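**Q** Below are the structure tokens for one structure; questions will follow.
The values are calculated or read from the model by the stated rules, or taken from the named source; none is laboratory data. Since this is a predicted model, take the numbers as computed values, not measurements. Cβ placement follows ideal geometry from the backbone for every residue including glycine, while neighbour counts extend to all protein chains displayed.
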Amino acid sequence: MASPLQPDTSAYDREFTFSRIGMVQRRMVWGYLDTMLSMPGMNVLELNCGTGTDAVHLARNGHRVMATDISEEMLKVAREKARQFGVEDRIDHVRLGFEDLPLLATPPMDLVLSNFGGFNCIDAPHLYRLADPIANALKPGGRFIAVVMPDRCLAETVHYFFRGNWKEAFRRGRHDPVWAALSGTGAVTWYHSPRIMIDAFHDRFRVVNVRPIGLFVPPTFLENRIGHRGKFLERLARWDARTAGWRWTARYADHYLIDLERTR
């Protein structure tokens, strides 16, 4: 996830990428991507690539990835991760923020991907300004997939509600940005409903799918309570799989996946 501060990359991987909850949620996204990218050799532009876990997964499946992030520290880790997995020849790592996206010159892409909250680092008006540069980076009929934190989260609300912490229970619903901390660093965070994403991109895209990611599997801040309970966590993951087609629940999960197809 892009951040205005120098991120602690080890904390990012420890507290999200390699947490048990984070891996279960990422597995849901990969399952969707692997079904969509069924033919090898597709070209992917990844926005806010973080430490490069998704880029490595895509490259190992035979795709070519341009992995971008505004943080050079994140990119250093991503390059090393690609080297360790032997896929550095299929991943180009480029320092790029959302503001620079209109200036990016690339061959037309099959997919633009933003996984796990990169678009929560920008406010709603900024989303509207990204519709054209993202569409222009894609082939006609190309897909844009984003995994976003919505402005509601049932598991988070229930957790804080029963602890009497009203402020945290409903923090996602506030219109003001929220500071999301990570081991002493963090980012200013906006929470976007699926409707906001659809409206921001509707001039250039049509909706293919919207699905919850983590409706029953909880947010990663509950790792210490849930992460060690492997069988229970897998049971929650199975419940998520059964309800993946319930589009209306996307707004109440920890994240949601929105799949858009370029129309013009």
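**Q** Tell me which residues, restricted to the stretch 139-168, are in contact with a Phe, Trp or Tyr (Cβ under 7 Å, 6 or more places away or on another chain) and within 13 Å of D110 (Cβ to Cβ).
**A** Selection gives F144 alone.
**Q** Determine whether the stretch 78-88 contains at least one residue that is assigned to a helix (DSSP H, G or I), among the hydrophobic types (A, V, I, L, M, F, W, C) and either on the phi > 0 side of the Ramachandran plot or touching a Lys or Arg at 6+ places or on another chain (Cβ under 7 Å) (or both).
**A** no
**Q** Something else: Restricting to the stretch 89-131, name every residue that is in a strand (DSSP E or B) and surrounded by 14 or more Cβ atoms within 10 Å (Cβ to Cβ).
**A** Hits for the stretch 89-131 are I91, D92, H93, V94, M109, D110, L111, V112, L113, S114.
**Q** State which residue is surrounded by the most Cβ atoms within 10 Å (Cβ to Cβ) when the search covers only the stretch 53-62 and only residues that are under 16 Å from A146 (Cα atoms) and over 12 Å from the mean Cα position of the chain (by Cα).
**A** A55
**Q** I need the full set of residues from the stretch 231-264 which are part of a helix (DSSP H, G or I), over 19 Å from W30 (Cβ atoms) and touching a residue at least 24 places away in the same chain (Cβ under 8 Å), in order please.
**A** R247, T249, R251, Y252
**Q** Just the residues that are charged (D, E, K, R), touching a strand residue (DSSP E or B) at 6+ places or on another chain (Cβ under 8 Å) and under 12 Å from L130 (Cα atoms), please, taken from the stretch 196-215.
**A** R204, the sole residue that qualifies.
**Q** Check the stretch 233-245 and report whether any residue there is among the aromatic types (F, W, Y) and either crowded, with 18+ Cβ neighbours inside 10 Å or under 17 Å from S19 (Cβ atoms) (or both).
**A** no
**Q** Which numbered condition trips up L236, out of (1) closer than 19 Å to E156 by Cα; (2) at pLDDT below 95?
**A** It is condition (2) that L236 fails.
**Q** Can you name the helices (runs of 4 or more DSSP H) wholly within the stretch 132-222 that have at least 2 residues being more than 20 Å from the chain's Cα centre (by Cα)?
**A** 154-161, 166-169
**Q** Suppose we filter M39, M66 for residues that are part of a loop (DSSP other than H, G, I, E, B) and either in contact (Cβ under 8 Å) with a residue 24 or more places away in the chain or over 17 Å from A137 (Cα atoms) (or both); which single one remains?
**A** So the residue among M39, M66 that is part of a loop (DSSP other than H, G, I, E, B) and either in contact (Cβ under 8 Å) with a residue 24 or more places away in the chain or over 17 Å from A137 (Cα atoms) (or both) is M39.
**Q** Give me the pairs: first residue in the stretch 156-167 and without any contact (Cβ under 8 Å) to a residue 40 or more places away in the chain and under 18 Å from T220 (Cα atoms), second residue part of a helix (DSSP H, G or I) and not aliphatic (A, V, I, L, M), beta-carbon distance under 7 Å, and six or more apart or on different chains, which are they?
**A** From residues that are without any contact (Cβ under 8 Å) to a residue 40 or more places away in the chain and under 18 Å from T220 (Cα atoms), the pairs are Y160/E168.
**Q** Contact list please: Cβ distance under 7 Å, first residue in the stretch 81-97 and touching a residue at least 12 places away in the same chain (Cβ under 8 Å), second residue loosely packed, with under 15 Cβ neighbours inside 10 Å and among the acidic types (D, E), pairs at least six apart or on different chains.
**A** What qualifies is R95/E72.
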